[in-house]
Amino acid sequence: MSILSDGEIKRAIKKHEIAITGVEDIYLGPSSVDLHLDNKAMILDNDKFSEGEMMDFKEKEKTAGKFTEYNGWDEIIIYPGEFYILSSVEKIKFADNIVGFIQGRSSIARMGINIHAAGFFDAGFEGTATLEVTNFTKHPIKIPKDTRICQMVFARTGFSAEIPYNRKRDSKYQGQSGPTITSIHKDYDNKNS
């Protein structure tokens, strides 16, 4: 597996091995593409928890009910110690032999913001990038929509996937659009079916 350079990314786009839509101009770095922050959020609302209450991997409705949807903003304030699910403006489509990794941008991290995407995108995936965001400082931080928030690194596998993500029976996030909360409960549902 090798990481694609800017020229290789351009060629992969031209050959339809990578598709990036949703923005007018793609921001191409030497070996990555910067992704822009969409103005939709799912915010874990601590006020929705009773004392001692916890989230449970197996309980979809209970977990989903702990998030508050916040859409249409021009800027979002990330409060210390809180958890946000955000997403990229860009929708990305990977061929069966291309994978991707999300990395936070250094300039964003130096403000105290951690951008973590469950970092790996399988061959065959299509959708927006979901970003798990936290503020490590003691102060609120304001981020405008359309900020170049993270970067996607692409790599070519040695062979095409035998069963790419878009054909996996149990793929949970194929075609996702916007901030997407966990579907971990499906791992347990599938064990029981």
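The values are calculated or read from the model by the stated rules, or taken from the named source; none is laboratory data. Not measured: the values here are computed from a predicted model. Cβ sites come from the backbone with ideal geometry, for glycine too, and all protein chains shown count toward neighbours. Just the protein is used for accessible areas: all its heavy atoms, side chains included, with ligands, DNA and RNA removed. Shrake-Rupley method; radii C 1.70, N 1.55, O 1.52, S 1.80 Å.
For first residues located in the range 42-65 and more than 15 Å from Phe83 (Cβ to Cβ) and modelled with pLDDT under 80, partners that are in a helix (DSSP H, G or I) and basic (Lys, Arg) and lie 6+ apart or on another chain with Cβ distances below 9 Å form the pairs Asp56/Lys62; Lys60/Lys186.
Among residues of the range 137-158 that are more than 27 Å from Phe125 (Cα to Cα) and without any contact (Cβ under 8 Å) to a residue 60 or more places away in the chain, those with a beta-carbon under 9 Å from a residue that is of a type outside the set (Lys, Arg) and in a strand (DSSP E or B) at least six positions away or on a different chain give the pairs Thr137/Pro80; Thr137/Ile113; Lys138/Pro80; His139/Pro80. Residues that are out of contact with any helix residue (DSSP H, G or I) (no Cβ under 8 Å at 6 or more places or on another chain) and open to solvent by 90 Å² or more (accessible area, probe 1.4 Å) were ranked within the range 51-81; the one that is nearest to Ile115 (Cα to Cα) is Tyr79.
Looking at the range 51-70, can you tell me whether even one residue there is closer than 22 Å to Ile108 by Cβ and among the β-branched types (Val, Ile, Thr)? First the steps, then the outcome.
Start the filter on the range 51-70 by keeping residues that are closer than 22 Å to Ile108 by Cβ, which leaves 70.
Filter once more, so that each one left must be among the β-branched types (Val, Ile, Thr): none.
Checking the range 51-70: not a single residue is closer than 22 Å to Ile108 by Cβ and among the β-branched types (Val, Ile, Thr).
Would you check if there is a residue in the range 85-103 being buried (at least 17 other Cβ atoms within 10 Å of the Cβ) and touching a Cys at 6+ places or on another chain (Cβ under 6 Å)? Yes, the conditions are met somewhere in the range 85-103.
Would you confirm whether or not the range 38-50 contains a residue that is of a type outside the set (A, V, I, L, M), open to solvent by less than 10 Å² (accessible area, probe 1.4 Å) and touching a Leu at 6+ places or on another chain (Cβ under 9 Å)? No, that holds for no residue. Among the residues making up the range 9-26, those that are in contact (Cβ under 8 Å) with a residue 40 or more places away in the chain, surrounded by 14 or more Cβ atoms within 10 Å (Cβ to Cβ) and either outside any loop (DSSP other than H, G, I, E, B) or in contact with a Gly (Cβ under 7 Å, 6 or more places away or on another chain) (or both) are Ile9, Ala12, Ile18, Ala19, Ile20.
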